[in-house]
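Report on one structure; see the data block that follows.
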Amino acid sequence: MKKQKSLIVLAICVLMISTNCLTGQDAHEIMKQVDTRTVPKDTKTFMKMNLIDTKNQVRQRDLKTYMLSDVKMMMWFLSPADVKGSSFLRVSHDDKDDDMWIYLPALGKVRRIASSATNGSFMGSDFSFEDMGERKLQDYTYTLLKEETLAGKSCWVIQCMPVDGVSSDYSKVVTWVWKDEYLRIREELYNKKEILKKVKTSEYTKIKTYWVPDRFLMEDISANHKTEMLFDKIEVDTGLDPAIFDQNNLTKIY
């Protein structure tokens with residue numbers, strides 16, 4: 001009898017271990033699918049960046065954005081006057097931190113964003129420079145927390161935690177992944193004390209065979225402030241010249 005009980009306990013333990021391993025493996029595989037989904041060869045779009053304060057008063061900025069796959073991004077601020085002519089370039093890498101540069105006309109020179117400064121606000125918005133970058137699959141461990149429906153979409157809810165040695169302003173990110181299309185539609189970003197710091201929601205539209213973002217909303221919980229990015233006149237696979245994505249081109253608008 002004791003032997004039978006021992007075998008039952010052993011079987012339960014093995015099942016629990018197997019389930020835990022499978023959950024971790026599934027979460028990583030899901031995020032791999034998110035990371036490798038098909039994106040346009042290039043994208044052109046105009047964008048409105050709305051800064052929304054505690055009284056719901058809005059300051060609007062107009063931008064032009066180019067992207068080369070999901071590897072390079074260039075943004076030019078068109079208005080209002082206090083930011084006109086400012087620009088931003090991000091170049092992502094598989095094996096090292098993203099390279100970022102910003103051009104501010106008042107300074108008259110292109111400035112590189114140091115890795116230690118990526119927690120700073122991007123042009124006074126609720127997005128940090130880190131938020132403007134790409135998270136690398138190998139930089140995080142993944143745990144499938146649950147499955148639920150959000151905004152009518154069936155989702156996996158996955159916890160993403162940076163591995164040792166990876167610099168991040170966040171202790172963890174909880175991500176809602178839309179099962180049908182492997183798209184992030186909500187992210188909760190937690191500070192180093194594991195207190196909810198920001199919430200990002202994402203909306204998409206289908207152009208040709210691609211799902212591309214047409215709205216981001218980043219809410220800073222403690223500051224009660226929001227930044228909305230609305231994308232308009234989206235064009236894909238336009239044949240953009242890769243040479244455009246160079247820091248020397250930040251001082252002119254294409």
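Here, each number is a calculation from the coordinates, and none is a lab measurement. Just so it is clear, the structure is predicted and the values come from calculations on it, not from any experiment. Backbone-built Cβ (ideal geometry, glycine too); neighbour counts: all protein chains shown.
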Original post:
If you take the charge dipole of segment 151-194 about its Cα centre, with +1 on Lys and Arg Cβ and -1 on Asp and Glu Cβ, which of 166, 183, 152 is farthest toward its positive end?
Top reply: 152
Subject >> Helical contribution to [θ] at 222 nm, DSSP H n ≥ 4, -39,500 (n - 2.57), averaged over the chain, rounded to 500 >> reply: -5000 deg cm²/dmol
Subject >> segment 48-137: equivalent-ellipsoid semi-axes (sqrt of 5 x gyration tensor eigenvalues, Cα, Å) >> reply: 23, 16, 13
Original post:
What is the ratio of the Cα radius of gyration of segment 36-249 to 2.2 N^0.38 Å, where N is its residue count, to two decimals?
Top reply: 1.01
Subject >> With Cα atoms, 0 to 90° folded angle of helix 2-36 axis to the chain main axis >> reply: 10
Original post:
Given H placed 1.01 Å from N in the peptide plane, which residues other than close sequence neighbours of residue 198 have an amide H under 5 Å from its amide H?
Top reply: 189, 221
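Would you mind working out the magnitude of the charge dipole of segment 148-223 relative to its Cα centre, with +1 at each Lys and Arg C-beta and -1 at each Asp and Glu C-beta, to the nearest 20 Debye?
On the way: 13 positive and 12 negative charges, 21 e Å.
Computed about the Cα centre, the dipole is about 100 debye.
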**OP:** Within segment 147-246, list the GluC sites (Glu not before Pro) lying in a DSSP loop whose Cβ has at most 15 other Cβ atoms in a 10 Å radius.
**Re:** 181, 194
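Magnitude of the Cβ-charge dipole of segment 36-249, K/R +1 and D/E -1, about the Cα centre, nearest 20 debye?
My answer is approximately 400 debye.
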Original post:
Once you sort the root eigenvalues of the Cα gyration tensor of segment 176-254 as a ≥ b ≥ c, which label holds: rounded (a/c under 1.5), prolate (a/b larger than b/c) or oblate (the other case)?
Top reply: oblate
Subject >> Calculated FRET efficiency for the pair residue 55/residue 139, C-beta based, R₀ 45 Å, to 0.05 >> reply: 0.75
Subject >> Rounded, prolate or oblate (a/c below 1.5 giving rounded, otherwise prolate when a/b exceeds b/c) for segment 131-187 by Cα gyration tensor >> reply: prolate
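By how many nm would the segment from residue 94 to residue 46 grow when fully extended, if each residue of separation counts as 0.36 nm and the alpha-carbon distance is taken off?
Here the segment from residue 94 to residue 46 would lengthen by 14.5 nm.
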Original post:
Of 39, 66, 133, whose Cα points farthest to the positive end of the dipole of the chain (charges on the beta-carbon: +1 Lys, Arg; -1 Asp, Glu; origin at the Cα centre)?
Top reply: 133
